[in-house]
Amino acid sequence: MKHLISLNDCTPQEVENLLTLAARLKRETKAGIPHPILAGKTLGMIFTKSSTRTRVSFEVGMYQLGGHALFLSGNDIQLGRGETIYDTANVLSRYLDGIMIRTFDHQDVLDLAKYGSIPIINGLTDYLHPCQVLADLLTVYEHKGKLKGLKAAYVGDGNNMANSLLYGCVKVGMDIAVAAPQGYQPPDEVVANAKETAKQTGCTVTITDDKWEAVKDADVVITDTWVSMGQEEEKAARLKIFSPYQIDSALLATAKPDAIFLHCLPAYRGYEMTEEVIDGPQSVIFDEAENRLHAQKAVLATLLGGVQV
Ligand code: CP
Ligand code: NVA
């Protein structure tokens, strides 16, 4: 593994190794055992969108690994004034040991990897959010004791989270059903790639506009905001389109009785899910948020530290 840009690029074994390492680093952190794997290393963190979890968990993760993280606001670096990705990638590769980037256009992340010579980590684009899904898989594993053979249901917008969940679930052999309105379902190429992997790992991919079909007998029920970063102008239209896709207690009750509820956050109570669901006993959103830290430390240790499981 050289970069983490899409979980579709990883082998099932690489995903499993990252999760195994994440669990180990989490245990060591809780036990107070230091692991300065990245002593002397620096991660650049480019953000052209807002963030709470990604920024804090990457910065804390680098610190806990003995390295340093540098916050680079897209507004302040020359990239925001038109310097090319080519020049930026070449220059930053001379100073840094890795770059985490959160931005709009997925192609920018691919170009950074193409032109630079250091590992690139995708901290969210309009298209994908792989670090979040690694944290989600770790959370499911902790609560269920396994991944293969489980069923995940995602209800809402067929966005970056839906795309990365499709890629992540099939890598670990989890069935995944995505329910989204027509016109807002995940793109064909993501569905085709996920179905291809699912054939190899022995699971299923279902895309539907029926949220009841998706959630039926699910072990994990997931949603995300209906208005992603960059879609603020579409807000009124989106709230209307997605309102039939809210997850409420009646819908959650059709999942397995011990199903867990996930949301990458930030969440908007009363929209994509009711308060009862997100603040109820099946919700594990704060374990999920915490696991960003542990999952990303595994990514950093692997890509920047060369740690092998
Ligand atoms: N889930 C997530 O990526 O959160 P932030 O936008 O706060 O980083
Ligand atoms: N789909 C959301 C995820 C936020 C972490 C967005 O892109 O804004």
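Among the criteria (1) away from ligand 1 (no atom under 16 Å from the Cβ); (2) within 21 Å of Leu18 (Cα to Cα); (3) surrounded by fewer than 24 Cβ atoms within 10 Å (Cβ to Cβ), the one Leu65 does not fulfil is (3). Is there a residue being buried (at least 24 other Cβ atoms within 10 Å of the Cβ), among the aromatic types (Phe, Trp, Tyr) and in contact with a helix residue (DSSP H, G or I) (Cβ under 7 Å, 6 or more places away or on another chain) anywhere in the stretch 147-165? Looking for residues that are buried (at least 24 other Cβ atoms within 10 Å of the Cβ), among the aromatic types (Phe, Trp, Tyr) and in contact with a helix residue (DSSP H, G or I) (Cβ under 7 Å, 6 or more places away or on another chain), one finds at least one in the stretch 147-165, hence yes. Count of the stretch 229-251 residues, restricted to those that are of a type in the set (A, V, I, L, M, F, W, C), away from ligand 1 (no atom under 16 Å from the Cβ) and under 22 Å from the mean Cα position of the chain (by Cα), is 2. Contact map, the stretch 124-137: residues that are at negative phi and among the polar types (S, T, N, Q) paired with residues that are part of a loop (DSSP other than H, G, I, E, B) and within 11 Å of ligand 1 (Cβ to nearest atom), Cβ distance under 9 Å, separation 6+ or inter-chain. Pairs shown: Gln132/Leu124; Gln132/Cys264.
Just name the residue that is farthest from Thr125 (Cα to Cα) out of those in the stretch 190-228 that are surrounded by 23 or more Cβ atoms within 10 Å (Cβ to Cβ) and within 16 Å of ligand 1 (Cβ to nearest atom). Filtering the stretch 190-228 for residues that are surrounded by 23 or more Cβ atoms within 10 Å (Cβ to Cβ) and within 16 Å of ligand 1 (Cβ to nearest atom), the one farthest from Thr125 (Cα to Cα) comes out as Ile222.
If you go through the stretch 4-27, how many residues are outside any helix (DSSP H, G or I) and closer than 18 Å to Asp126 by Cβ? Working first, answer last.
Of the residues in the stretch 4-27, the ones outside any helix (DSSP H, G or I) are 4-6, 10-11.
Filter once more, keeping what is closer than 18 Å to Asp126 by Cβ: 4-6.
Final tally of qualifying residues: 3.
Do we find that Met45 is surrounded by 20 or more Cβ atoms within 10 Å (Cβ to Cβ) and away from ligand 2 (no atom under 16 Å from the Cβ) in this structure? It would help to see each step written out before you state the result.
Details: surrounded by 20 or more Cβ atoms within 10 Å (Cβ to Cβ): yes; away from ligand 2 (no atom under 16 Å from the Cβ): no.
No, not satisfied.
Tell me which residues, restricted to the stretch 57-78, are part of a helix (DSSP H, G or I) and either modelled with pLDDT under 95 or within 16 Å of ligand 2 (Cβ to nearest atom) (or both).
Keep residues of the stretch 57-78 that are part of a helix (DSSP H, G or I), which gives 57-64, 78.
Once the filter is applied, which keeps residues that are part of a helix (DSSP H, G or I) and either modelled with pLDDT under 95 or within 16 Å of ligand 2 (Cβ to nearest atom) (or both), the stretch 57-78 yields Ser57, Phe58.
Are any of the residues in the stretch 81-95 modelled with pLDDT of 95 or more, under 22 Å from the mean Cα position of the chain (by Cα) and surrounded by 21 or more Cβ atoms within 10 Å (Cβ to Cβ)? For the stretch 81-95, residues modelled with pLDDT of 95 or more, under 22 Å from the mean Cα position of the chain (by Cα) and surrounded by 21 or more Cβ atoms within 10 Å (Cβ to Cβ): absent. When each of Pro181, Pro187 is tested for being farther than 21 Å from Val215 by Cβ and away from ligand 1 (no atom under 16 Å from the Cβ), the lone residue that passes is Pro187. Of the candidates Ser73, Ser51, Ser57, Ser93, the single residue that is in contact with a Leu (Cβ under 7 Å, 6 or more places away or on another chain) and among the hydroxyl-bearing types (Ser, Thr, Tyr) is Ser57. Find all pairs meeting these conditions: Cβ atoms under 9 angstrom apart; at least six residues apart or on different chains; first residue within the stretch 28-56 and within 16 Å of ligand 1 (Cβ to nearest atom) and in a loop (DSSP other than H, G, I, E, B); second residue modelled with pLDDT under 95 and not aliphatic (A, V, I, L, M). Correct list of pairs: Thr48/Gly74; Thr48/Asn75; Thr48/Gly80; Lys49/Gly74. Identification of helices (runs of 4 or more DSSP H) wholly contained in the stretch 210-309 with 1 or more residues that are at pLDDT 95 or above, more than 16 Å from ligand 2 (Cβ to nearest atom) and within 23 Å of Lys146 (Cα to Cα) yields 211-215, 249-252, 285-303. Given the structure, is Gly82 at positive phi and either away from ligand 2 (no atom under 16 Å from the Cβ) or touching a residue at least 12 places away in the same chain (Cβ under 8 Å) (or both)? The answer is yes for Gly82. Scanning the stretch 128-159 for residues that are within 11 Å of ligand 2 (Cβ to nearest atom) and over 9 Å from the mean Cα position of the chain (by Cα) returns Gly156, Asp157, Gly158, Asn159.
The values are calculated or read from the model by the stated rules, or taken from the named source; none is laboratory data. Just so you know, these numbers come straight off a predicted model, no measurement behind them. Neighbour counts are summed over all protein chains in view; Cβ atoms, including those assigned to glycine, are modelled from backbone coordinates with ideal geometry.
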